[in-house]
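Below is one structure; the comments refer to it alone.
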Amino acid sequence: MTSASQHRGQGLKSSSIQRGKRGSGRECTRNIIPKYKNSPVQSPSSPLAAAILHCWSPPPSRVAVPHRLQFKQWMPGPTSLEMEPVEPQSLKKLSLKSLKRALDLFSPVHGRIAPPDPQSKKVRLSHKIGVEYKGIRSADEIPRPPKDSANQILGTSNALALPGPNDSKDAQKGGAQNALVVGPSLQSKGPNNAGLSGKSTTIISKSGSSDRNYSTSALIERMPSRWPRPVWHPPWKNYRVISGHLGWVRSVAFDPSNTWFCTGSADRTIKIWDVASGRLKLTLTGHIEQIRGLAVSSKTTYMFSAGDDKQVKCWDLEQNKVIRSYHGHLSGVYCLALHPTLELLLTGGRDSVCRVWDIRTKVQVFALSGHDNTVCSVFTRSTDPQVVTGSHDSTIKFWDLRYGKTMLTLTHHKKSVRAMAQHPTEDCFASASADNIKKFNLPKGEFLHNMLSQQKTIINAMAVNEDGVMCTGGDNGSLWFWDWKSGHNFQQAQTIVQPGSLDSEAGIYALSYDVTGTRLVSCEADKTIKMWKEDETATPETHPLNFRPPKDIRRF
């Protein structure tokens, strides 16, 4: 049996060789390669494939192959079986290659700069001249007075003659050709510019051809600053320090009757203090984490609190106990606000959602989702936009409370918007971030201006009263006071930690004015509550206003 099978194998081998002798190399390829196309042995390095290639490739001396076929068949180089896979190239590598090819084609000399274009230079110079000498006109455009009244006009005009290097002989020839006239000064709309006159100032060159370059300050009338001048405010001073909490004091809210205020702390308690004397009246317990938000209703006897324990509670101050809890937040609640006209409560937290609750039914009306990070500040208005939120994603969003959707997103800040304050009487608000304090208009959200100084710290809280005094509290214990209208920083105070505390505990976490706006309460990291008021003995003479209007206003 073995000899017969060997004989059959030799017969098959000889017949395949004879077929290869009769036909050309291409016909052998068509007949043999499909048989081994799907076989696992495809590499010419295996002995079986090498044997197959040896079988169907006849020597060129015996087989008559056409010249073209012979050239293609015996051309040096890898065959179809020996071709290496093409290396996959990234899009960046291909783009760099094409860029280099374009540079080689169109910019063969890399070190040589392209020659300047005279036309573009002319346009650029003409634009600069137009901006610099916008208000200057030639004397040819002004109607000339008659010769008889020339002496009278020269006696009463405010013309300023600039002397030239030549004598006065040239002045009669070409004096009128180089006369420069400054047009009437633009009157500002601001109240500070009421006393400015709109008369024109004529500046006449005395010589016809002068080689001297006079300063542009002698040609153009200096424009007054349009920045509003700040109102003088007396400085604020600390007059009371209240200690009673056993942890960081994180939130504060005043009673609408202005007789007491409440503070929430990291010791998980809410304490109620008397405004006049600063004495403790009541301590409420119920939260299991620090309390970050407080609000007191002006319509009912309810107080609302929110904390890191994901709980939002409604306290009845007649019974001094919790009567409702609002469940729905997935993480800690950082801010809280009450709607001024509707029975709605708004809370924002680490789950990046501002939730709107019905106070009576405890139902979640809306979940205002759209922020990418923690919602850490919120305030409400009676008109659109009724809800404004600030987030750690450095954006401020205006919300439509009818549909629960975003009306507008402000992206002016570069850092987390940790605090916002609405002006009590004007339709505008301010937002504080580590990069800047910005003021926006309402309801359209138009950017008004930046505050003229930078506190250069993380600002955790801010408040504004009706007199236009805005205060901001920082992580480093700095308490700055600003003029709302101009953005001028008129006082920089620094809190003093209570004895036994570290200097690093001089952080301000919450600020609030009382109902009258004459007293300020700051909640701090040294477990104290400080009360501030205006210095009654200060006058504009003892504390002068050191204000310099900004030269260029940074828009963003």
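Return a yes/no flag: does segment 327-344 have any residue that is within 26 Å of ILE396 (Cβ to Cβ), surrounded by 15 or more Cβ atoms within 10 Å (Cβ to Cβ) and acidic (Asp, Glu).
No: segment 327-344 contains no residue that is within 26 Å of ILE396 (Cβ to Cβ), surrounded by 15 or more Cβ atoms within 10 Å (Cβ to Cβ) and acidic (Asp, Glu).
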Which of the residues that make up segment 348-369 are touching a Lys or Arg at 6+ places or on another chain (Cβ under 6 Å) and either at pLDDT below 95 or over 24 Å from THR411 (Cβ atoms) (or both)?
LYS362, GLN364
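Do we find that PHE429 is under 19 Å from the mean Cα position of the chain (by Cα) and of a type in the set (Phe, Trp, Tyr) in this structure?
For PHE429, the condition - under 19 Å from the mean Cα position of the chain (by Cα) and of a type in the set (Phe, Trp, Tyr) - is met.
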Among the residues of segment 381-404, write down those that are among the small types (Gly, Ala, Ser) and open to solvent by less than 30 Å² (accessible area, probe 1.4 Å).
GLY390, SER391, SER394, GLY404
Subset of segment 405-423, residues open to solvent by 20 Å² or more (accessible area, probe 1.4 Å), in contact (Cβ under 8 Å) with a residue 40 or more places away in the chain and within 17 Å of VAL378 (Cβ to Cβ), comes to SER416, ARG418, MET420, GLN422
Of all residues in segment 361-380, which are part of a loop (DSSP other than H, G, I, E, B) and open to solvent by less than 20 Å² (accessible area, probe 1.4 Å)?
HIS371, THR374
What are the residues in segment 463-494 that are among the small types (Gly, Ala, Ser), part of a strand (DSSP E or B) and over 12 Å from GLY507 (Cα atoms), if any?
ALA463, ALA493
Could you grab me the full set of residues in segment 465-481 that are hydrophobic (A, V, I, L, M, F, W, C) and open to solvent by 20 Å² or more (accessible area, probe 1.4 Å)?
TRP480
Only one of these conditions is not met by VAL521: (1) surrounded by fewer than 22 Cβ atoms within 10 Å (Cβ to Cβ); (2) in a strand (DSSP E or B). Which number is it?
(1)
Scanning segment 233-256 residue by residue, those open to solvent by 40 Å² or more (accessible area, probe 1.4 Å) and more than 20 Å from ALA463 (Cβ to Cβ) turn out to be SER243, LEU246
Within segment 493-512, track down each residue that is closer than 16 Å to ASN238 by Cα and under 29 Å from the mean Cα position of the chain (by Cα).
ALA493, GLN494, ALA506, GLY507, ILE508, ALA510, LEU511, SER512
Considering every residue within segment 289-298, establish whether at least one is under 17 Å from LEU338 (Cβ atoms), of a type in the set (S, T, N, Q) and open to solvent by less than 60 Å² (accessible area, probe 1.4 Å).
yes
For THR539, only one of the following conditions fails: (1) in a loop (DSSP other than H, G, I, E, B); (2) open to solvent by 60 Å² or more (accessible area, probe 1.4 Å). What is its number?
(2)
Checked against (1) modelled with pLDDT under 80; (2) open to solvent by 80 Å² or more (accessible area, probe 1.4 Å), ALA102 satisfies every condition except (2)
Consider ASP316 against the criteria (1) surrounded by fewer than 17 Cβ atoms within 10 Å (Cβ to Cβ); (2) more than 13 Å from ILE359 (Cα to Cα): it satisfies all of them except one. Which criterion is unmet?
(2)
Just for segment 444-462: of the residues that are in contact with a strand residue (DSSP E or B) (Cβ under 6 Å, 6 or more places away or on another chain) and assigned to a loop (DSSP other than H, G, I, E, B), which one is most open to solvent (accessible area, probe 1.4 Å)?
SER453
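The values are calculated or read from the model by the stated rules, or taken from the named source; none is laboratory data. What you see is a predicted model; the values in this text were computed from it and never measured. Ideal geometry is used to build each Cβ from the backbone, glycine not excepted, and the neighbour counts take in all protein chains shown. Calculation scope for accessible area: heavy atoms of the full protein, side chains included, ligands and nucleic acids excluded. Shrake-Rupley method; radii C 1.70, N 1.55, O 1.52, S 1.80 Å.
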